[in-house]
Every structure is written in C-alpha cells, then in structure tokens.
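The values are calculated or read from the model by the stated rules, or taken from the named source; none is laboratory data. In this text, all values refer to a predicted model and were calculated from it rather than measured experimentally. Positions of Cβ are generated from backbone atoms using ideal geometry, with glycine treated the same way; all protein chains shown enter the neighbour counts. SASA here: full protein model, heavy atoms, side chains in, ligands and nucleic acids out. Shrake-Rupley method; radii C 1.70, N 1.55, O 1.52, S 1.80 Å.
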2 protein chains.
Amino acid sequence: MLTKEGCLIRQKRLWDTLPESVEWVIITNPRHVKYFSNIWVNPVSFSAGQSVWLHMKRSGKVTALSDNFTFKSLSGEAFVDETVEEVWYDGVHSVENRDHMPGQALKKTFGTLHLSEGIFEWDSFPAAGFETVEGEPPSDLVLGDVIKKLRRQKDPDEVEHLKSCMGACEAGHVAGKEIVKPGVTDMDVYRAVNNAVLEHVGRPCVVYGDFRATNAETPKVGGLPVSYTLQDGDLFLLDYSVVLEGYRSDFTNTIAVGTPSPEQDALLNACLASLESGEKVLRSNATCREVFATCSKRLVKEGFNPLPHHAGHGLGLEHPEPPVFVPESTDILMNGDVVTVEPGNYIPGVGGVRIERNYLITKKGSENLSHHKISLK
Amino acid sequence: MLTKEGCLIRQKRLWDTLPESVEWVIITNPRHVKYFSNIWVNPVSFSAGQSVWLHMKRSGKVTALSDNFTFKSLSGEAFVDETVEEVWYDGVHSVENRDHMPGQALKKTFGTLHLSEGIFEWDSFPAAGFETVEGEPPSDLVLGDVIKKLRRQKDPDEVEHLKSCMGACEAGHVAGKEIVKPGVTDMDVYRAVNNAVLEHVGRPCVVYGDFRATNAETPKVGGLPVSYTLQDGDLFLLDYSVVLEGYRSDFTNTIAVGTPSPEQDALLNACLASLESGEKVLRSNATCREVFATCSKRLVKEGFNPLPHHAGHGLGLEHPEPPVFVPESTDILMNGDVVTVEPGNYIPGVGGVRIERNYLITKKGSENLSHHKISLK
C-alpha cells in the first residue's frame with residue numbers, strides 16, 4: 001500500500017504545479033483518489049464501481065466524501081483528515097440512488113464552490129454536480145492531464161507497492177510453468193496462476209492478461225483463456241498482470257507445451273537478445289523510440305522479423321500508460337518511470353514467443369523489478 | 001449474457017417512459033450501458049475502469065463510443081448499430097489522456113447536442129462534455145433514477161443471466177463445504193471457492209463477499225478473509241457473490257468447523273424456519289416491511305433474537321439494490337424483482353449463523369433461484 005508520507009509528498013507536488021490562485025481541488029478520478037490518499041474501493045466487493053471523492057485544500061486539509069457503504073469497502077487505510085459519509089442505507093429505511101451520494105456529501109459539506117478559487121477533474125466530475133458550482137473556470141488547465149503527468153515519476157512508496165505486485169506475479173509464473181503441458185486447458189493455466197497469486201498475496205485481487213497457446217498455424221493470439229486444450233508443440237504465452245489496490249505488474253514468459261523445437265529455441269533466444277539490448281538503453285533521458293528501435297533491430301540481426309508491436313510501455317495505476325516504446329514515440333524516459341520491455345515474434349510454422357520484464361528507470365540505467373525465470377522449459 | 005431481443009425490449013420500455021419530446025439519450029453509467037446493449041468492459045482486463053458511452057435515438061439507432069483499446073476488452077457481444085472507436089493508441093505514436101476518448105468520439109460523431117432534444121445521465125456524464133452541449137434541460141427528469149426504477153423488473157434474458165451466476169455460486173458452495181475444517185484459513189476457503197467458481201464458469205470473473213469464521217467470543221464478523229485459521233467449534237459464514245458481466249448472485253450457508261453443538265444446530269434450525277416463513281410472504285405487491293417482520297418474528301418465536309440486520313434486498317447489476325427488506329421500508333415487491341432473503345442470528349457463547357437464498361418474484365409467489373445445500377455439515 002502507499003504511505004501517508006508518500007501521499008503528502010504527492011499532494012505537495014500537485015500544489016507546487018498548480019497556479020497559486022488555486023485554493024482547492026476536487027479529485028474524482030478513482031486512480032487519483034488512490035494516488036493522493038491511498039483510498040481504493042475494492043473491486044472485489046459490493047461497492048465496485050462506486051466513487052469516493054476528495055476535496056483537497058492548499059492549506060493541507062483533505063476530506064473524503066462518499067456513501068456509508070462504499071467506505072466499508074476500502075482496501076487499506078485512508079490517509080485523509082476528514083471523512084464525510086452520506087448515509088445511503090441505514091438498514092431501516094428504503095434506499096435512493098446511491099450514485100448521488102458523493103455529490104450530496106460535497107454539497108452539504110462545502111456548499112457552493114466558486115470556480116475562481118478551485119479546480120475540478122472535469123473529465124470525471126459528473127455534470128450533475130454543477131448545481132453546486134458558481135462562476136467561470138480561471139484557466140484552461142485540465143487537472144486530470146496535470147496529475148497523469150505527475151504520475152509518471154513513481155515515488156518510493158509506489159515502487160514498493162509495485163514490487164509487491166511483481167512478487168505476486170512471480171509466484172504465478174512458477175505455477176504457470178508447472179501446469180503447462182499437453183492436455184490441460186488455457187483456463188486450467190489461468191486457474192493455477194490465479195490460485196498461486198492469491199496464495200502469495202493472502203487476499204483477493206485481480207489477475208488479467210494473455211493466457212493463450214500459439215502454434216505453427218496460429219502464431220499470434222492474445223486475451224483471456226478460451227478453454228482451448230494445449231497440444232504438444234504449442235507455445236503458451238503467459239503475459240499477465242496482478243492488480244493490488246490499483247497498481248499492477250505486467251510481465252511475460254513463453255512456455256513450450258512438450259519439448260520445444262530447435263526453431264522455437266532459436267526464437268526465444270532472439271527475444272532474449274532483444275530484451276538484453278533493450279535493457280541496455282534504458283536510462284532517464286533516453287528516447288522511447290530508441291528503445292523500440294533497439295529491440296526491433298536486434299530481432300532482425302538475430303534473423304527474425306522486426307518487432308510487430310510496441311516494445312513496452314509505462315506501468316502503474318494504468319496499463320498501458322505513458323511512456324510507450326513505439327516507432328514514432330515522442331516520449332522521453334524519466335527518472336522514476338516504471339516500464340515494461342516486451343520483445344516478441346510470431347512465426348508461421350513455428351509459433352509465437354514474447355518475453356517481458358518490468359524496470360524502474362534511474363539516472364544511471366534501470367533496475368529490474370521482475371525476477372521470474374524466462375525460458376521455454 | 002443478455003440477448004439482443006432483451007436489449008431492444010428495454011430500450012423500448014425506456015422510450016415509452018420518457019416524454020415524447022426526447023429524441024435521444026446519452027447513457028454513461030456502465031451498468032446502464034450493459035442493460036441496453038450488453039456492452040460490459042471486463043473488470044478482469046487492462047481496460048477496467050474505462051468507459052463506453054451509448055447514444056440512443058428514439059428512432060432506434062444505438063451508437064457505442066469509446067477508445068479503440070476499451071473495445072478490445074468487452075465481455076460478450078455488443079448489440080449496437082454503430083461503433084465509434086476513437087483511436088487512443090495506434091502502436092506507433094505516443095498516447096494522450098485515455099479518459100478523454102469517449103467525449104471526443106461523441107463530439108466528432110454528433111457535434112453540438114441540444115438539450116431541448118435529449119437527456120444525459122448527468123450523474124455519470126463528465127462535466128468536461130459540457131463543451132458539446134447547448135441550451136437548457138427541458139425537465140428535471142433524472143435519467144439515472146428513471147433507469148434504476150426500470151431495472152427492478154428483470155426481463156427473461158436477465159433472469160437467465162442471473163441463473164448462470166447462481167449456478168456458479170452453487171459450485172463454490174460445494175467446494176466451501178468440502179474445505180472448511182479446523183486448521184485451514186479463511187483465505188484457503190476463499191481460494192477453494194474462487195477456484196471452483198472459475199472451473200464452473202470457464203472464464204475469469206469476480207467473487208466477493210463474507211468469508212469469515214464466527215465463534216462464541218466473536219459471534220458477528222463480515223468481509224473478505226483475513227488469514228484467520230479456523231478452530232474446532234467455529235461457524236464459518238460463507239456469504240458471497242459471483243459477478244458475471246455485471247450481474248451477480250448472493251447467497252449464504254453457514255458451515256460448522258468440526259462437529260456442531262446442540263446450540264448451533266438450534267440456531268441454524270431457527271434461521272431455516274425464518275427463511276421458510278419469509279419465503280411464504282414473497283409475491284408481487286407484498287410490502288417489504290412485511291417480509292422483514294415475518295422473518296424477524298419467526299426468529300423470536302423460535303427462541304432467538306429479532307433479526308439484527310436486513311432480511312434481504314434486490315439483486316442484479318448492483319448489490320444491494322431496491323427493494324430492501326427492512327423495518328421501515330416503503331418498497332413494494334414487483335413481478336420480476338430478484339431478491340435475497342437472509343435471516344441470521346449471532347449469539348455470544350454460540351457463534352453466528354446466517355443463511356440466504358435468491359428468488360424471482362412472481363404474481364403468485366416466488367421461484368427459488370439458488371439450489372445450494374443449507375446445513376452446518
């Protein structure tokens with residue numbers, strides 16, 4: 001989980017970024033509520049999809065607003081000064097529309113809000129809330145864009161939290177390698193990975209990604225399992241994320257179903273070489289198109305095709321998130337970026353291989369955050 | 001999943017409810033997007049939390065709007081006439097804020113929208129979208145409230161879909177009964193139930209609820225597992241939901257850890273009697289306070305305490321949703337309501353027991369939708 005100290009650092013960074021005339025902000029994007037307060041509505045709960053809003057003042061006071069049931073469904077501690085619970089359901093009376101509760105709590109607590117003094121996240125603040133707003137916005141500043149830019153450079157508590165996602169993902173990769181064999185289904189693999197992740201984490205969480213077999217006839221597929229039975233000679237793409245309170249891992253191994261062919265071994269080795277080359281150019285201020293070009297060229301040098309998809313992307317509260325390793329990327333790596341590198345090739349007659357690791361970008365280079373074993377067997 | 005026919009019936013019902021002057025509606029609540037189009041962004045995907053919007057015309061045309069990556073993450077078929085994909089990420093260029101995409105797609109496709117002609121879901125439509133809106137709303141009608149009322153009476157395709165949730169939940173209850181014994185943890189129970197549900201369903205889904213042990217010292221607890229090791233004499237409350245594409249089950253059994261005591265047996269029997277009494281008063285036009293009173297009085301008649309929480313609630317795309325079985329409820333049961341009935345008692349020195357079934361309300365009574373075995377052993 002995030003720390004109180006980390007949340008305070010991020011709040012201060014936001015205030016340092018905003019014009020001095022801004023006295024308060026209303027945060028309504030769930031990822032940003034998490035970022036500044038550690039509040040995360042558990043998606044494995046009856047409150048999935050319900051909202052908590054933050055009213056944050058430049059003077060430092062942070063107020064969280066929601067209905068009384070959503071506050072029962074938080075994952076982890078809320079680092080706020082005040083909690084305003086609008087009673088939606090008291091167990092005695094009928095209920096009205098739960099979705100109105102954060103807005104009602106905001107109105108009751110803060111009355112009319114004057115746009116000369118503060119900023120909303122307009123891309124997630126519901127239009128219904130306009131009834132409590134007066135005046136014209138003082139600037140064209142898009143608060144959501146500002147915060148998303150701040151999110152690129154992860155703080156130490158975010159990196160620690162991401163490492164816990166990576167650790168769970170590693171546990172799932174061990175289970176994946178154990179279960180993949182002819183005769184099991186891709187759904188069996190999902191269940192085994194999911195179960196190992198849950199055992200490692202010790203609490204319910206979400207596991208998503210590509211759990212699919214490729215082969216000579218269909219070298220490239222992706223997505224969740226489709227109850228396909230693995231065949232001898234297939235290559236299983238195990239490319240998935242573990243989400244803990246919004247933050248997530250995302251790394252990949254390809255596992256041979258049965259004994260890999262020499263061509264499959266060569267394909268994996270080319271991807272390993274590409275990954276190694278990509279790793280070497282990771283450092284703050286490197287261009288993201290250079291990372292893509294490096295990975296792709298190395299695949300060609302090893303005798304395979306240019307990289308047919310991105311070479312990786314940023315990772316955090318979203319997936320993918322900036323920066324992206326693509327041919328025309330204008331992104332520049334920053335100290336504190338957390339990224340994936342994921343070379344792959346998909347060859348008719350052979351099958352598909354993709355491998356992937358996650359890295360923290362530093363001034364001198366990068367730190368590998370994912371310690372799963374990359375190998376076909 | 002929902003059917004195309006069902007979606008068309010629900011669209012027609014909405015148009016029949018709205019004033020004739022309303023030519024179009026913009027649907028932005030994810031549950032309502034599902035309700036009218038079967039579009040559901042898979043929460044087990046990298047697009048969890050992203051939005052698809054619907055533009056629905058009275059003349060019948062339905063347009064879905066989102067970014068190109070969110071459309072890759074739908075669970076099931078989209079019953080719409082047109083799909084507008086705003087390209088957020090093309091795999092070649094850097095990306096901007098993904099959250100802006102549905103609004104951009106709306107603006108490009110429909111230009112300025114005049115409020116004299118249509119209605120938005122103001123409680124979920126983001127204020128940023130106001131730049132494409134002109135004029136004043138023609139009425140105070142709150143579209144979200146209107147749709148939530150329509151949602152009470154489930155259509156046949158919704159009931160079928162709910163039955164598939166119930167079937168998966170039953171499979172989990174079998175696994176729960178098998179694993180509960182002294183020495184296993186509540187998290188072990190969660191994993192076993194989750195795994196059995198996934199095996200039954202054949203695709204990733206969400207399982208949430210109460211997975212907790214009660215006992216003489218702590219007769220009432222709830223929530224997700226906390227890695228407690230079950231002790232001989234505990235009573236395990238297994239009260240959970242399986243969510244498939246937004247719809248969900250919610251039923252309960254209490255399982256004895258070891259051999260139940262005579263007092264624990266008596267407590268379960270009282271709850272069974274209460275459930276039976278509650279079932280008998282279920283029928284359209286019954287008052288929800290009567291259901292509560294019936295369940296509670298029967299517990300007292302059997303020698304236990306009045307029911308200390310609600311006797312049940314509506315179930316569908318939300319949980320709980322109206323109607324609610326509580327002392328001061330003003331709700332009246334409707335034909336097509338899907339509800340739970342869940343009597344419980346929590347006795348110091350004995351432990352807690354709660355049991356629960358799900359029912360479809362009919363004109364003559366109810367249909368039990370949950371066929372798990374209710375028993376301590």
For the pair A and B, total buried accessible area rounded to nearest 100 Å², probe 1.4 Å: 4900
Student exercise, region A:4-150 dipole from Lys, Arg, Asp, Glu Cβ charges, in Debye to nearest 20: 580
The protein assembly as shown, dipole about Cα centre (Lys/Arg Cβ +1, Asp/Glu Cβ -1), debye to the nearest 20: 1080
Buried on assembly, region B:176-211 (at least 20 Å² less accessible surface than by itself, 1.4 Å probe): B:MET187, B:TYR190, B:ARG191, B:ASN194, B:ASN195, B:LEU198, B:GLU199, B:GLY202, B:PRO204, B:VAL206, B:TYR208
Which of A:PHE304, B:ALA48, A:LEU333, positive extreme of dipole for the protein assembly as shown (C-beta unit charges): A:PHE304
Under-5 Å amide H pairs with B:THR185, H placed in peptide plane, nonlocal only: B:LEU230
1.4 Å probe accessible area per residue over the protein assembly as shown, in Å²: 37
Among B:SER47, B:SER66, B:SER21, residue whose mean-square fluctuation peaks in a GNM of chain B (springs only between Cα atoms under 10 Å): B:SER21
Chain-alone versus full-assembly comparison, region A:86-107, residues with accessible loss of at least 40 Å² (1.4 Å probe): A:TYR89, A:VAL92, A:SER94, A:VAL95, A:ASN97, A:ASP99, A:HIS100
Selection from B:ALA256, B:LEU272, B:TYR228 lying farthest towards where the dipole of chain B points positive, charges on Cβ: B:LEU272
Label 7 Å beyond Cα on the Cβ vector: B:ASP90 copy-to-copy distances, nm: 5.7
Placed amide H near B:ILE347: partners under 5 Å, 5+ positions off or other chain: B:GLY352, B:VAL353
Phi-based couplings in Hz for region B:295-300 (Karplus 6.51, -1.76, 1.60; Gly and Pro marked x): 4, 5, 4, 5, 4, 5
GNM result for chain A, Cα springs below 10 Å: residue of A:VAL174, A:VAL193, A:VAL257 fluctuating most strongly: A:VAL174
On Cα atoms only, tilt of A:4-17 relative to the major axis of chain A in degrees: 80
Residue pairs, from the table B:LYS220/B:LYS297; A:LYS72/B:LYS301; A:LYS57/A:LYS107, whose Cα atoms sit over 26 Å apart: A:LYS72/B:LYS301
Top of B:VAL22, B:VAL324, B:VAL95 by mean-square fluctuation, Gaussian network on chain B, Cα under 10 Å: B:VAL95
Cα gyration tensor shape for region B:156-368, rounded if a/c is under 1.5, else prolate or oblate: oblate
Ratio Rg/Rh, restricted to the protein assembly as shown and using Cα atoms, in which Rh is the Kirkwood radius: 0.97
Pairwise label distance in nanometres, A:LYS373 with B:TRP15, each label 7 Å out on the Cα-Cβ vector: 6.1
Drop in accessible area of at least 50 Å² in the complex versus isolated chain, residues of region A:109-140, 1.4 Å probe: A:ASP123, A:ALA127
Region B:242-357 shape via C-alpha gyration tensor axes, a/c threshold 1.5: oblate
Charge dipole (debye, nearest 20) of chain A; +1 at Cβ of Lys and Arg, -1 at Cβ of Asp and Glu: 960
Surface share of carbon and sulfur [accessible, 1.4 angstrom probe, percent] for the protein assembly as shown: 51
Tensor-based shape of region A:4-150 (alpha-carbon gyration tensor, a/c under 1.5 rounded, otherwise prolate or oblate): oblate
Nearest-first distances (nm) between copies at A:ASP16, label 7 Å from Cα via Cβ: 6.1
